[in-house]
Ligand code: PHE
Ligand code: FE
């Protein structure tokens, strides 16, 4: 049935948004969301930052089916002024940044098929909404995302998008944080993936390294598999402090510095866990 209506380009508005067409989701599509959410919630219990699951509850997205963005927005708007807007797929960088800078989170609204629960070639509504939206209820994280959007518009004009994209990747998508209860997940790419939820925290293979802004912006990443390295922040407040400086001089300084491969460890790193690298070696493509 109409999977297509949730990625209908003909519908596209000037800001690349479309209508979610929530009424058009099939029972099977809602069931797919339920299966994914009911699998992630218990798995995330002692692995994700505790506020994440509280926010999943506050947004009623734990079971029930694909959330209606209008309902999410009632809660988000009241709490932190954010809104989720529906888009048919990836949008141009400048459009994406402009949405974030205005506290709008662009989310796809189609959902993967039941046959491909663990297989994702591009983000779907489960990744975008279950993974990204809960933390938009956290005031500090909510500010960080908006500032990132503004920083993106600026970086675009400074030829620094590749640098800034790495920051997003290693925080918003694949970030870990540490507190008294040890390491916790906050990255959406991890939190929406059954396999990576376990791998990122429990597997001896990947490196876990203390967050350092320049180090992160110099580090390549893989888009096709689990990460070889996860960077660990000391909470959202520390992340905000580390990123509120003007990046202009940092970008300039980095022009002459070499990049790090995804699995590489630098002498100056704060290594929390030196990965065995086994997972990627087994696939014959470790990078360091
Ligand atoms: N401070 C950054 C700059 O000057 C912008 C930014 C803020 C980027 C927060 C990411 C997160 O470009
Ligand atoms: Fe994402």
Problem set entry | Qualifying residues in the stretch 215-224 (those that are surrounded by 14 or more Cβ atoms within 10 Å (Cβ to Cβ) and part of a loop (DSSP other than H, G, I, E, B)) - the one farthest from ligand 2 (Cβ to nearest atom) | 218
Exercise. Pick from 129, 140: which is in contact (Cβ under 8 Å) with a residue 60 or more places away in the chain and either surrounded by fewer than 22 Cβ atoms within 10 Å (Cβ to Cβ) or in a loop (DSSP other than H, G, I, E, B) (or both)?
Worked result: 140
For this session: Give the residue that is farthest from residue 78 (Cα to Cα), with candidates limited to residues of the stretch 113-126 that are within 13 Å of ligand 2 (Cβ to nearest atom) and outside any helix (DSSP H, G or I).
Result: 120
Exercise. Mind checking whether some residue in the stretch 192-214 is under 13 Å from the mean Cα position of the chain (by Cα), buried (at least 20 other Cβ atoms within 10 Å of the Cβ) and farther than 20 Å from residue 278 by Cβ?
Worked result: yes
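The rows are residues; the columns are (1) surrounded by 12 or more Cβ atoms within 10 Å (Cβ to Cβ); (2) at pLDDT below 95.
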site	(1), (2)
240	yes, no
247	yes, no
257	no, yes
260	yes, no
264	yes, no
268	no, no
273	yes, no
278	yes, no
281	yes, yes
Seminar exercise, completed: Checked against (1) outside any strand (DSSP E or B); (2) closer than 27 Å to residue 55 by Cβ; (3) touching a residue at least 40 places away in the same chain (Cβ under 8 Å), residue 262 satisfies every condition except (2)
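Every residue, every condition in (1) out of contact with any strand residue (DSSP E or B) (no Cβ under 6 Å at 6 or more places or on another chain); (2) closer than 30 Å to residue 34 by Cα; (3) more than 16 Å from ligand 2 (Cβ to nearest atom); (4) not in a strand (DSSP E or B), yes or no:
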{"position": "196", "(1), (2), (3), (4)": "yes, yes, no, yes"}
{"position": "227", "(1), (2), (3), (4)": "yes, yes, no, yes"}
{"position": "230", "(1), (2), (3), (4)": "no, yes, no, no"}
{"position": "239", "(1), (2), (3), (4)": "no, no, yes, yes"}
{"position": "267", "(1), (2), (3), (4)": "yes, no, yes, yes"}
{"position": "284", "(1), (2), (3), (4)": "yes, no, yes, yes"}
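The values are calculated or read from the model by the stated rules, or taken from the named source; none is laboratory data. The shown structure was predicted, so the numbers you read here are calculated from the model rather than taken from an experiment. Methodologically, a virtual Cβ is constructed for each residue, glycine included, from the backbone with ideal geometry; neighbour enumeration extends over all protein chains shown.
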